[in-house]
1. What's the ranking of 362-372, 379-389, 102-112 by average number of surrounding C-beta atoms within 10 Å, highest first?
2. Tell me what the chain gives for mean residue ellipticity at 222 nm when only DSSP H runs of n ≥ 4 count, each as -39,500 (n - 2.57), the sum divided by the residue total, rounded to 500 deg cm²/dmol.
3. Where does helix 52-71 land angle-wise versus the long Cα axis of the chain, in degrees 0 to 90, nearest 10?
4. Ignoring ligands, DNA and RNA, what percent of the accessible area of the chain is carbon or sulfur (1.4 Å)?
5. Given the Cα-Cα distance of residue 386 and residue 102 and 0.36 nm per residue of separation, how much length would full extension add, in nm?
6. Calculate one ³J(HN,Hα) per residue across segment 15-28 by plugging θ = phi - 60° into the Karplus curve 6.51 cos²θ - 1.76 cosθ + 1.60, and present them in order as whole Hz with x for glycine and proline.
7. Report, please, the projected area of the chain averaged over directions, based on the convex hull of its C-alpha atoms, in nm².
8. Could you give each residue of segment 360-372 its phi-based ³J(HN,Hα) in whole Hz, using Karplus coefficients 6.51, -1.76, 1.60 with θ = phi - 60°, and x for Gly or Pro?
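The values are calculated or read from the model by the stated rules, or taken from the named source; none is laboratory data. On a predicted model such as this, the values are computed, not experimentally measured, just so you know. Positions of Cβ are backbone-derived with ideal geometry, glycine not excepted, and every protein chain shown enters the neighbour counts. For accessibility, only protein heavy atoms count, side chains too; no ligands or nucleic acids. Shrake-Rupley method; radii C 1.70, N 1.55, O 1.52, S 1.80 Å.
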Amino acid sequence: MTEQHNEMAPAQSRSEQAIRTIVQEHQALWRILDLLDQLLSDMNVNEQRPDERLLDRIFDYIQHFSQRVHSTPTDIELYKRLGEKSPETVPLLEKLARGYVIGHEKLLELRSLLAFCMENWPQGREEFSHALARFTEALRKHIRKEEGVVIPRARKLLSAEDWEQIVEARDVENDPLFGERVREEFRELRHQIISYTPERLGGLGLKHEERVSAPHARQEMLAIKGLATSYGQIEVLHDIDVHINSGEIVSLVGANGAGKSTLLMSISGLQPMERGSMVFEGKDLGKVSADQRVAQGIVQVPEGRQVFKDLSVQDNLLLGAYTRGRSPEVMDDLERMYTKFPILRQKRHNLAGELSGGQQQMLAMGRALMARPRLLLLDEPSMGLAPLIIEEIFDIIKELKEEGITIFLVEQNASQALALADRGYVLETGQVVIEGTGRELLSNEKVREAYLGM
Ligand SMILES: Nc1ncnc2c1ncn2[C@@H]1O[C@H](COP(=O)(O)OP(=O)(O)O)[C@@H](O)[C@H]1O
Ligand SMILES: [Mg+2]
C-alpha cells in the first residue's frame, strides 16, 4: 500500500513534467509567432523591406520543429498512447499530425516566396505577407488545439505507465518532443533569432498568458511583513512588505545599494531580522536557522556566484546536496544537472575556477538546485555576463519555473527581469516604492525612466 503510494507520487509529477515540456516549447514558438506578426506589420504598415536573415532564422526554427515531427509522426508517444485510450480523439490527432506535414510544405513555399520578394521588392510583398499571415494563424490554431484538447484529455486518460513511457522517450535522442539533444538544438536556434532581432522588438522575453492552467491554484508561499534590518547602527531595510506565491517568478529591481542582497539574505537567514515577520508555507521563520531553511526548501544563489574555485565542478554540485547525504537520489539529481547543463558534464573534472563567468553561474545554479529548492533566491545571475549568455541564463530561469520552482529574482537588468516576471517590486534605499505585475512595472513611467533608461 505504502509502496504503491510512493510510486504514484513521482508518476503524477512525471505527467506534469511532460506537459510542461510541451507547453514550454509551445510558448517559445508562440513568442516567435508574435515576432513574425511584428515583422509583418513593419512590412505592410511601414513598408519596410523585411530582414531576410532574421526571417531565415525564424523559418529554420519552425522547419526544424516540423521536420523532426514530420519525419516520424507516429513516433510521438503522446499521440500514440492517447489515440489508444481515446478513439474519439483519433480524428483530431490525425488532423494535427497531418498539420505537421502540410505545415512543412507551406513553410517551403513561404521560403521561396520570401526569396522572390527579396529579389523583386516591393513586388511579391503582398503574396508573401498573405501566406505568412495564414501560416502563423494555422500554427496558432494547432497550438491551441494541442493545449485546449489534447493535453487536458491526456491528463485525464493516460495512466502513470503511459506517462512513464512518454517521459522515457526523453532519453531517446531523437524523440521530437522530449529528446534533450533536440531541445538543445531549439535553444541554439532561438539564440540565433534573438541575436538578429532588433532591440525595439524586445527580444523573445515577454511572458505569455498561460493557456494550460496549472493543476494547483496559486497559494501564498512566503509572506514578509514590516521587515527591518540593520548593519550596526545603520538600518538598511525599513518596513518591507513582500509576498511570493508558489509557482511565481517575482523580480526585485533597484539601484546599487538599495538593499536587494540584504533582503535576500534576510530570507535565507544569513542576515538577522530586527523587526517584522516572515512566514514560509505557513510556518514562522523567526527562529529558523539558515541551514534549516535550506532543508525546508529556501535556497539562495549568492551574488557573484561564489563557487568553490579549488574544487571540481562535480564536487561543487555535490556540496549543494550536503544536507541530503550521498544517496542514489542525489546521484540521480547530479545526472539531471548534467542533462540541464551539458557544459558542466563536459567539465565535471575541471576546477570550478577554470570555468568562464557564464559557466560559473550555471554551476552556482546547479549547486543550488541540488538542494531541491522550492523557493530559489537568485541574486543578480546576469551580472557581468555577455548578452547571449544572459539570454541563456534567463531561459534556464524560465525552465526552472516550468518545473515548478518558485523564484525570487534580484536583477539590475530590469527590462529582462520584469519581462519574465509574474510580479515585481522596486526597492529604493531600503523601501519598497512600487509593486505590480511584470507588465505593469514595465509600462510604469517611473520605472521606465529610472530603470529601463527610456
Ligand atoms: N556587510 C555590510 N556592512 C555594512 N553595510 C553594508 C553591508 N552590506 C551592505 N551594506 C550596505 O547596505 C546597503 C544595502 O546593500 P545591498 O543589500 O548589498 O544592496 P544591493 O544588493 O541592492 O546593491 C548599502 O548601503 C550597503 O553599503
Ligand atoms: Mg546586491
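1. The most tightly packed comes first, giving 362-372, 379-389, 102-112.
2. Counting only the DSSP helices, I get -17500 deg cm²/dmol.
3. 80
4. Result for the chain: 50 percent of the exposed heavy-atom area is carbon or sulfur.
5. Fully extending the segment from residue 386 to residue 102 adds 98.3 nm.
6. 5, 5, 4, 5, 5, 4, 4, 5, 4, 5, 5, 4, 5, 4
7. Here the figure is 23.7 nm², rounded to one decimal.
8. Ordered by residue, 3J(HN,Hα) equals 5, 5, 5, 4, 4, 5, x, 4, 4, 5, 4, 8, 6 Hz.
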